[in-house]
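Student: Supplied in structure tokens, the structure appears directly below.
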Amino acid sequence: MTNSILAVVADGVQTITLNRPDKLNAFNPEMHAALRAALNEAVHSEDIRCVLLTGAGRGFCAGQDLSEREMKAGDAPRDLSTTIEAYYNPLVKAMRALPKPIVCAVNGVAAGAGANIALACDIVLAARSASFLQAFARIGLIPDSGGTWFLPHLAGTARAMGLAMLAEKLPAEDAARMGLIWKVVEDAELAHEAGALCRQLAAQPTVALGLMKQAIYAAVNNTLEEQLALEAKLQREAGWSDDYREAVAAFLEKRKPRFKGR
Ligand code: T3D
């Protein structure tokens, strides 16, 4: 694991810290590769039942490292679709496909792709002093990393348009009020609350939580009929899990279930 990402596993939780604090944890190719490697470990390791994503220092993530985009007069224009397709789109897809919950603890400003990577997480907690900034309009770009999808789906078209076009910092509390994130906690409480939440999730039936992700993310594009059919399919899978059997046995024996995450 490189230094641009710190990843540690304890109590079933993999904590991934974006670690380029002098650049507000902006993405460069090395950080992308390290983050993908950490998420890949989360997919395959039975020791990991929840992922916690956060940032080192005073920011969460400032999106693309713009010092890598410096252009001199006469340089050929860069085709940005190549980095979107090589890095940002696969990252968002991998996060959504990960069959375990991803919690984001937004510890400071989340700007550009950094804001949308936060919104791609399953449960987002933010420190009261944190903010979300769709910075793209400031540099002549459009929201990427799912921003043009997350914003209207989570907050509605009117707010999506305002946030994208005006590129104003949105305080964490307003993001929560708009339904963009789960909740705001006091700055000093963020690490503790996020850790406790992740340990709680890591002790739950992991297979079911992964299937919930599938069902809830599919719902925005499905009719009720399609969603009912999907629920039947996914409930069949949940019902095959050891944790379901354990939970029913525990209920009938009037004891607490001991979930193993399979
Ligand atoms: O290019 C492609 O592949 C397409 C994909 C695009 C995805 C994107 O994310 S595009 C959007 C890129 N991000 C931005 O436009 C945000 C740029 N940053 C800012 O607007 C501000 O830094 C913030 C509003 C986020 C925070 O402002 P503030 O005043 O709290 O901090 P600051 O002083 O601006 O930044 C602190 C340091 O971090 C500073 O370095 P220095 O002067 O102390 O050496 C600053 O240059 C650096 N930094 C912040 N953001 C970036 C960055 N360095 C490189 N890239 C950044 N994105």
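Please treat every number below as a calculation from the coordinates, not as lab data. Remember, predicted model here, so these are calculated numbers, not experimental data. Cβ atoms come from the backbone with ideal geometry, glycine included; neighbour counts cover every protein chain shown.
Student: Could you tell me which of 42, 132, 240 has its Cα farthest along the dipole of the chain towards the positive end, charges placed at Cβ (Lys, Arg +1; Asp, Glu -1), taken about the Cα centre?
Tutor: Checking the options against the dipole of the chain, the answer is 240.
Student: Oh, and also: Nearest 20 debye, what's the magnitude of the dipole of the chain about its Cα centre given +1 on Lys and Arg Cβ and -1 on Asp and Glu Cβ?
Tutor: 400 debye
Student: Still on this structure, please answer the following. Along the charge dipole of region 1-126, which of 108, 88, 15 sits closest to the positive end, that is, farthest toward it, with unit charges on the beta carbon of Lys, Arg, Asp and Glu (+1, +1, -1, -1)?
Tutor: After comparing all options, I get 108.
Student: Using the 10 angstrom Cβ neighbour count as an exposure proxy, how do 192, 153, 32 rank, fewest first?
Tutor: 192, 153, 32
Student: Treat every Asp and Glu Cβ in region 87-237 as -1 and every Lys and Arg Cβ as +1, leave all other atoms uncharged, and give the resulting dipole magnitude about the Cα centre to the nearest 20 debye.
Tutor: With Lys and Arg at +1 and Asp and Glu at -1, about 220 debye.
Student: Mind giving me the nanometre distance, one decimal, between the label points for residue 86 and residue 153, set 7 Å out from Cα along Cα→Cβ?
Tutor: Rounded to a tenth, the inter-label distance reads 2.7 nm.
Student: Additional query: Dipole size in debye (nearest 20) for region 206-252 around its Cα centre, Lys and Arg Cβ +1, Asp and Glu Cβ -1?
Tutor: 40 debye
Student: Could you state the angle between the C-alpha long axis of helix 224-239 and the longest principal axis of the C-alpha atoms of the chain, as a value from 0 to 90 degrees rounded to the nearest 10?
Tutor: The two axes meet at around 60 degrees.
Student: I would also like to ask the following. In terms of the Cα gyration tensor, with a ≥ b ≥ c the square roots of its eigenvalues, is region 174-262 rounded because a/c is under 1.5, prolate because a/b exceeds b/c, or oblate?
Tutor: Since a/c reaches 1.5 but b/c is at least a/b, the shape of region 174-262 is classed as oblate.
Student: Could you tally the net charge around residue 6, taking each other residue with its Cβ under 14 Å from the Cβ of residue 6, Lys/Arg +1 and Asp/Glu -1?
Tutor: Here the count lands on -1.
Student: A further question on this structure: How many nm is it between the label spots at residue 235 and residue 8, if each spot is 7 Å from the Cα in line with the beta carbon?
Tutor: 4.2 nm
Student: Just grab the label-to-label distance for residue 227 and residue 46, each label 7 Å out from Cα along the Cβ direction, in nm (one decimal).
Tutor: My value for the distance between the label points is 3.5 nm.
Student: Considering only the other residues whose Cβ falls under 9 Å of the Cβ of residue 101, what net charge follows from Lys and Arg at +1 and Asp and Glu at -1?
Tutor: Net charge in that neighbourhood comes out at +2.
Student: Positive end of the dipole of the chain, charges at C-beta (+1 Lys, Arg; -1 Asp, Glu), about the Cα centre: which of 198, 76, 171 has its Cα farthest in that direction?
Tutor: In the chain, that residue is 198.
Student: Oh, and also: Between helix 206-219 and the chain, what is the angle of the helix's C-alpha long axis to the longest principal axis, kept within 0 to 90° and rounded to the nearest 10?
Tutor: So the helix axis and the longest Cα principal axis differ by about 60 degrees.
Student: Calculated from DSSP H runs of 4 or more alone, at -39500 (n - 2.57) each and per residue, what is the 222 nm mean residue ellipticity of the chain, nearest 500?
Tutor: Result for the chain, helices only: -13000 deg cm²/dmol.
Student: If you find the alpha carbon centre of region 186-223 and of region 100-161, how far apart are they in angstrom?
Tutor: After rounding, the separation between the Cα centres reads 17 Å.
Student: Between 0 and 90 degrees, rounded to the nearest ten: what's the tilt of helix 29-44 against the longest Cα principal axis of the chain?
Tutor: It works out to around 10 degrees.
Student: Let me ask another. Taking amide H atoms as placed 1.01 Å from N in the peptide plane, list the residues 5 or more away in sequence, or in a different chain, whose amide H sits under 5 Å from that of residue 124.
Tutor: Amide H to amide H, under 5 Å and 5 or more residues apart or across chains, residue 124 pairs with 104, 182, 183.
Student: Something else about it: Run the reach check for residue 233 against lysines, Cα to Cα strictly under 24 Å, same-chain hits fewer than 8 apart removed. What comes back?
Tutor: Partners within reach: 93, 100, 213, 260.
Student: Further question on the same structure: Is the C-alpha gyration tensor of the chain telling us rounded, prolate or oblate? Criteria: a/c under 1.5 is rounded; beyond that, a/b larger than b/c is prolate, otherwise oblate.
Tutor: prolate
Student: Same structure again: Quick one: 256, 213, 169, fewest Cβ neighbours within 10 Å first, how do they rank?
Tutor: If I rank by nearby Cβ atoms, fewest first, I get 256, 169, 213.
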